[in-house]
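Bear in mind these aren't lab numbers, they're just calculated from the coordinates by the rules spelled out. In this text, all values refer to a predicted model and were calculated from it rather than measured experimentally. Glycine also receives a Cβ, built like all others from the backbone with ideal geometry; neighbour counts cover every protein chain displayed.
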Amino acid sequence: MSRKILEPIQINNMEIKNRIGFPPFLGNPHGPKSEVNDDTIKWFELRAKGGVGFAVTGTINPLPDVFEEMMKTPPVLFPHPLTLHEDSYVPGYRKLTDNTHQYGMKIGAQIGAGGASKGSSPSPFAKKNFFEAIYGADIPAQAYTIEELEEIKELCVKTAIRCKTAGFDFVELHTAHGYVSLWGGFMSPFTNTRTDRYGGSWENRLRFPAETIQAIRSAVGEDYPIFIRVSADELYGPEGVTLEDTLKYTVPILEEAGVDCFDVTMGSQLHNPNNIPSLYVPRGHYMRFPAAVKKIARVPVIGVGRILELEMAEKYLEEGYADLIYLGRQLIADPETPKKYFEGRPEDIRKCIGDLPGFGNCDRGCSINPTQPMMCGTDEVLPTQSPKRVLVIGGGIAGMEAARIAALRGHTVALMEKTGKLGGTVEVLSHNPLNAEFSNIVEFLICQMGKLKVDIRVCKPATIEDVKALNPDVVVIATGSTMTIPEEARGKFNVMTHVEALNNPNRIGKKVVVQGLGYGSELAIALAEDGKEVTLFGKGKEIASNVSLLRRFFVLKRLLDINVCRGDGDIPMTDRNNPGVKTGRKLKKVTASDVVIVDDEGNEEYFPYDTFIVSMGRKSNDELFHELKETVTEIHSIGDANKIGEITEAMTAANEIARKI
């Protein structure tokens with residue numbers, strides 16, 4: 001059967017071999033002066049080898065003054081972009097394009113500049129941004145003058161010429177994601193309050209992007225492809241860019257300016273950053289935006305938004321939602337996604353779990369692809385020169401990852417798990433609908449256990465006698481952790497841990513009290529969505545401080561009444577049954593009818609409950625490690641058994657240790 005995803009496509013004078021793209025990520029690997037280095041080349045080369053049809057660099061800075069400022073200031077949350085503000089950088093980019101072209105992949109250069117410190121108009125804006133909500137700090141902005149804007153256009157033209165000279169197949173102007181993009185700040189009525197020819201009407205607000213495109217077109221010629229990245233909807237209603245605005249104004253005006261392809265994204269990075277959608281957002285949720293643009297555009301359209309599977313990409317192509325599909329973080333989680341799919345082994349694809357480590361900059365760290373530096377490594381491992389018998393005790397993700405890498409290297413591997421199923425705490429957490437994507441890594445690892453013929457032994461806790469009987473050369477302890485219950489609640493009826501609650505949803509009553517502001521906040525939201533009456537409390541002052549920043553922003557918007565932009569894309573975002581939240585409270589006692597909490601002044605509050613769920617600390621299950629370390633020649637402890645941590649720490653430690661055995 002023919003597949004749309006494999007069909008070539010022509011954009012201006014460029015032919016792309018298939019319909020799969022690797023989108024721009026801010027902060028691609030680079031050297032100390034934001035130049036291309038070996039890691040940059042490997043970063044794109046991996047995706048080219050993996051079967052991607054085209055890729056776009058992260059933002060390339062065209063402005064010398066921005067480069068000078070970057071060299072003085074270390075990156076905080078936003079990584080420094082690549083730069084091409086002078087000719088001396090061209091040879092490095094030429095090496096990048098030459099290397100990727102040998103695999104048949106087209107590569108484009110995204111030109112852009114930040115607008116968060118200087119942009120279309122001065123701040124502050126009416127609604128709080130991400131940094132205010134999380135840190136209580138704004139990012140002040142100043143407005144560029146007309147003269148400065150003319151200079152910026154000239155510098156963009158010079159950079160576009162350098163891109164063409166360096167062998168890039170096309171250039172893209174980044175105008176998306178609100179006022180973190182200079183051009184996006186001009187387009188949005190939320191951030192553009194100018195009264196000159198660049199402000200006011202839609203035609204005026206689009207004038208600067210259109211003039212920039214026209215200037216680039218004049219410089220690079222009619223047959224050189226120019227893409228543009230746009231937020232079709234900023235996801236906060238009429239205050240910002242809406243889809244209707246994009247269809248009525250943006251598409252026709254930018255087509256007239258000379259755009260050859262629309263790269264359709266969404267969101268506003270600082271005010272509603274769902275352009276980096278987390279696992280809370282359903283797969284393909286935003287594909288309605290490129291679908292709408294495609295209905296009116298005369299040029300090809302790229303769609304993006306939490307697409308992990310090539311089957312889903314194929315469906316959207318067949319149904320006319322877009323002409324090309326980006327697989328973003330999925331191609332970081334597994335650069336060989338297209339190759340594995342085309343070879344008929346989709347079960348070997350390691351699917352993104354959407355947990356967004358860091359600030360969503362997955363080029364800086366991927367929880368399930370721990371191949372450092374910066375995911376420039378692969379699953380290729382050096383075969384061992386001395387095969388050993390390796391025993392892994394514990395079948396969570398850390399244990400299975402260690403077993404997988406050890407087996408790939410040629411060791412004989414057995415894995416013991418005391419329960420009847422594999423996956424550990426991560427598998428249990430995936431029972432929460434908000435964390436359902438966690439099952440991706442569990443399913444992948446279980447499949448690999450079978451393919452690699454790892455000797456799996458379940459339903460029996462490992463003992464010293466078992467270890468002696470197997471006589472392994474190496475033991476890896478991955479026995480995980482156990483959730484704790486405070487003394488005040490221990491032994492009481494209808495009290496359970498977070499893990500027990502997810503394993504026994506039918507035991508959860510109508511009125512639920514949850515202790516623990518970390519993962520408990522996600523559980524509280526999910527229970528409220530299920531129609532429960534939920535109260536969440538904890539002794540700290542911060543909510544969801546343990547989850548990644550963009551996930552935390554969603555949780556705060558859901559649980560607290562803060563003045564932020566809200567709109568479709570905050571999934572789930574119903575107003576019914578929102579959990580009540582009490583911070584700075586300690587548990588005092590649990591009676592047969594009430595959970596009693598107390599604030600710092602000793603004031604008591606009583607909450608009737610059917611179920612009390614404790615989502616507090618975890619204790620390492622390290623007893624077996626201490627029992628064995630004196631009797632086993634080589635022993636390692638990983639994951640929660642070694643140190644309580646997150647998925648990324650467990651996977652990284654397992655991967656690193658197994659590569660050294």
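Once both labels are positioned 7 Å from their Cα atoms along Cα-to-Cβ, the gap between E222 and I464 label points is 8.5 nm. Measuring from a point 7 Å past the Cα of K660 along Cα-to-C-beta, which residues in segment 619-641 have an amide N at less than 14 Å? Under 14 Å, as judged by backbone N against the label point of K660, lie 634-639 of segment 619-641.
Of the trypsin sites (Lys or Arg not before Pro) found in segment 252-344, the ones in coil according to DSSP and having at most 12 other Cβ atoms within 10 Å of their Cβ are R298. Listed by Cβ neighbour count within 10 Å, with the fewest neighbours leading, M105, M70 appear as M70, M105. Full extension of the chain between K643 and E347 gives 103.5 nm of extra length, using 0.36 nm per residue less the Cα-Cα distance. Between 0 and 90 degrees, the angle of helix 90-101 with respect to the longest Cα principal axis of the chain falls at about 70 degrees.
Please name which of I134, V259, L173 has its Cα lying farthest along the dipole of the chain towards the positive end, using unit charges on Cβ (Lys, Arg +1; Asp, Glu -1) and the Cα centre as origin. Projecting each Cα onto the dipole axis, the largest value belongs to I134. Pairs from the list K294/K315; K589/K643; K42/K351; K492/K619; K351/K421; K421/K460 with a Cα-Cα gap above 18 Å: K589/K643; K42/K351; K492/K619; K351/K421.
Centroid-to-centroid, using Cα positions, segment 424-456 and segment 593-627 are 28 Å apart. Put a plus charge on the Cβ of each Lys and Arg, a minus charge on the Cβ of each Asp and Glu, and nothing anywhere else: the dipole of the chain about its Cα centre is then about 1160 debye. Full extension of the segment from E623 to N563, taken as 0.36 nm per residue of separation minus the current Cα-Cα distance, would add 16.8 nm. What is the calculated FRET efficiency for M312 to E7, with r their C-beta to C-beta distance and R₀ = 22 Å, to the nearest 0.05? Approximately 0.85, to the nearest 0.05. Compute the FRET efficiency between S386 and K511 as 1/(1 + (r/R0)^6), taking r as their Cβ-Cβ distance and R0 = 60 Å, and round to the nearest 0.05. Efficiency, from the Cβ-Cβ distance: 0.50. Relative to the longest principal axis of the Cα atoms of the chain, the long axis of helix 207-220 lies at roughly 70 degrees. Taking the Cβ of N642 as the centre, find all other residues whose Cβ is under 11 Å away and add up their charges (Lys, Arg: +1; Asp, Glu: -1). Around N642, the charge tally is -2. When E427, E35 are sorted by how many other C-beta atoms sit within 10 angstrom of their C-beta, beginning with the fewest, the order is E35, E427. P24 sits among other residues whose Cβ lies under 9 Å from its own Cβ, and their net charge, with Lys and Arg +1 and Asp and Glu -1, is -1.
Of the beta bridges in segment 487-616, as assigned by DSSP with both residues counted there, near 40 percent are antiparallel. Calculated translational diffusion coefficient of segment 487-616 (25 °C, 0.890 mPa s; Stokes-Einstein with Kirkwood radius over alpha-carbon pairs) equals 164 µm²/s. Multiplying the residue separation of T193 and Q214 by 0.36 nm and removing their Cα-Cα distance gives an extension gain of 5.2 nm. Applying both filters, DSSP loop and at most 12 other Cβ atoms within 10 Å, to the trypsin sites (Lys or Arg not before Pro) of segment 423-528 gives K453, R490, K510.
Applied to segment 517-526, the Karplus parametrisation 6.51 cos²θ - 1.76 cosθ + 1.60 on θ = phi - 60° returns per-residue 3J(HN,Hα) values of 8, x, 4, x, 5, 5, 5, 4, 5, 4 Hz, with x for Gly and Pro. Run through segment 250-342 and list the GluC sites (Glu not before Pro) located in a DSSP loop whose Cβ has at most 12 other Cβ atoms within 10 Å. Those satisfying the criteria are E319. Beta-bridge orientation, the chain: approximately 20 percent antiparallel, per DSSP, counting only bridges with both partners inside.
Dipole check for segment 487-616: with +1 at the C-beta of Lys and Arg, -1 at the C-beta of Asp and Glu, and the Cα centre as origin, the magnitude is about 180 Debye. Counting Cα-Cα pairs of the chain in 20 Å increments starting at 0 gives whole-percent bin shares of 18, 47, 30, 5, 0.
From helices alone, the chain scores -9000 deg cm²/dmol at 222 nm; the rule is -39500 (n - 2.57) for each run of n ≥ 4 DSSP H residues, then divide by the residue total. Sorted ascending by nearby beta carbons within 10 Å, beginning with the fewest, E437, E147, E203, E401 become E147, E203, E437, E401. Could you tell me what % of all Cα pairs in segment 4-348 have separations over 31 Å? Tail fraction, whole percent: 27. Taken as Cα centroids, segment 255-326 and segment 15-33 sit 17 Å apart, rounded to the nearest whole angstrom.
Taking only Cα atoms, what is the 0 to 90° angle, nearest 10, from helix 397-408's long axis to the longest principal axis of the chain? Compared with the principal axis, the helix lies near 80 degrees. If R0 is 51 Å, the Cβ-Cβ spacing of L452 and E151 corresponds to a FRET efficiency of close to 0.30.
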